[in-house]
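Heads up: the structure comes next, in structure tokens.
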Amino acid sequence: MENLTLNRVEVRGRVGQDPRIAKVGEASVARFSVATNEIFKDRNGEIREETTWHNISAWAGKGIADFTKVRKGAMVS
């Protein structure tokens, strides 16, 4: 029997730009970036905020009916 694995990542943040939507066969895929922020205290005790950008490829059909709500500035999770 094969060992099956699953990698799952959840990203919650704001969309950086409107998605680029392409057809791949019968399916649609949207490509866009999402910004996530982390607030922390540095070694000097000062509060800092760090932004990380994530490149996303989202396929229609995996709980996503369409990509009309994915727009620049929108919160996604």
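The values are calculated or read from the model by the stated rules, or taken from the named source; none is laboratory data. What you are looking at is a predicted structure, and each value in this text was computed from that prediction instead of being measured. Heavy atoms of the whole protein, side chains included, go into the accessibility calculation; ligands, DNA and RNA do not. Shrake-Rupley method; radii C 1.70, N 1.55, O 1.52, S 1.80 Å.
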Inset, instruction - Collect residues whose amide H, placed 1.01 Å from N in the peptide plane, falls under 5 Å from the amide H of Ser28; neighbours closer than 5 in sequence don't count. - result: Ala60
Inset, instruction - Could you check which residue among Arg31, Arg14, Arg48 shows the biggest mean-square fluctuation in a GNM of the chain with a 10 Å Cα cutoff? - result: Arg48
Legend entry - For the chain: relative contact order, % (alpha-carbon pairs under 8 angstrom, 6 or more apart): 36 percent
Legend entry - Rotationally averaged projected area of the chain (alpha carbon convex hull; nm²): 8.2 nm²
Legend entry - Surface accessible to a 1.4 Å probe, per residue, for the residues of the chain, Å²: 88 Å²
